[in-house]
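Just so it is clear, none of the values below were taken in a lab; they were calculated from the coordinates. Remember, it's a predicted structure, so these values are computed and weren't measured experimentally. So basically every Cβ, Gly included, is an ideal-geometry build from the backbone, and we count neighbours across all protein chains shown.
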């Protein structure tokens, strides 16, 4: 069995990654594939925490553009992340992987409240921990949640799985054929060039806490395991 390069990771999944080609909702085949990839990584002995977005169900920005109060729209987005997290938990447990969902907004009937020490204990017992409901505050993205939780649980790396690109480019590769892919960047490059890897709050948080970020495609089966084992795929962002 090939050893893992990282022992504790935060996997950041966008909500759109769960919707597959449908673009909305949860595609059963896709979420089962992601669950299997997480299982493969967990079986290497890696402690896995997951942060899931909610854009496949609701985006706070859309609600705000409709005239909704921004805070209310963001809270709806947080609830969407809980739905995705419960679906991922079910898929993982169907594969025999013990999983816990912890939410930043208390809802004890469906999940545990987020408690840092409890989350770390779950990880030490090789349970997958899914962090839902963002930070529990409006105006913060799930990218920021991933950065915050990674710092709190002392994760070695954030793996950002994308469903539309295989790394970081200097322009949108879906629109510009000559877009250049970066193999390595610094967080200052990301901030100064406005590359849109993650929002500026999340990037600053990662930079200040020296947490590397690897951006890669989730569409290719086994990519999560490849990254964990140290294969050079996607783009790595680190340091200043």
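Results, tabulated for the structure shown:
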| quantity | calculated |
| --- | --- |
| Whole-number percent relative contact order across segment 56-182, with pairs defined as alpha carbons under 8 Å at least 6 apart | 19 percent |
| Structure-based [θ]222 nm, the chain - -39500 (n - 2.57) summed over DSSP H runs of at least 4, per residue, nearest 500 | -11500 deg cm²/dmol |
| For the chain, built as a Gaussian network whose Cα springs stay under 10 Å, the top-fluctuating residue of 101, 165, 128 | 165 |
| Overall form of segment 90-198 per C-alpha gyration tensor (a/c, 1.5; a/b vs b/c) | prolate |
| Relative contact order of the chain, pairs being alpha-carbon contacts under 8 Å that are 6 or more residues apart, as % | 23 percent |
| Computed over segment 1-115, Cα set: Rg, Dmax in Å | 15.3, 54 |
| Reciprocal mean inverse distance between Cα atoms of segment 8-238 - Kirkwood radius, Å | 17.6 Å |
| Least to most buried among 131, 216, 140, 176 (fewest other Cβ within 10 Å first) | 176, 140, 216, 131 |
| Bridge type composition, the chain - antiparallel percent by DSSP, nearest 5 | 15 percent |
| Potential extension, residue 32-residue 139 segment - 0.36 nm per residue separation minus Cα distance | 35.4 nm |
| Point-to-point label distance, residue 178-residue 5, nm (Cα→Cβ direction, 7 Å offset) | 3.2 nm |
| Rounded Å value of the spacing that divides the Cα centres of segment 142-164 and segment 90-126 | 16 Å |
| Tensor-based shape of segment 60-131 (alpha-carbon gyration tensor, a/c under 1.5 rounded, otherwise prolate or oblate) | prolate |
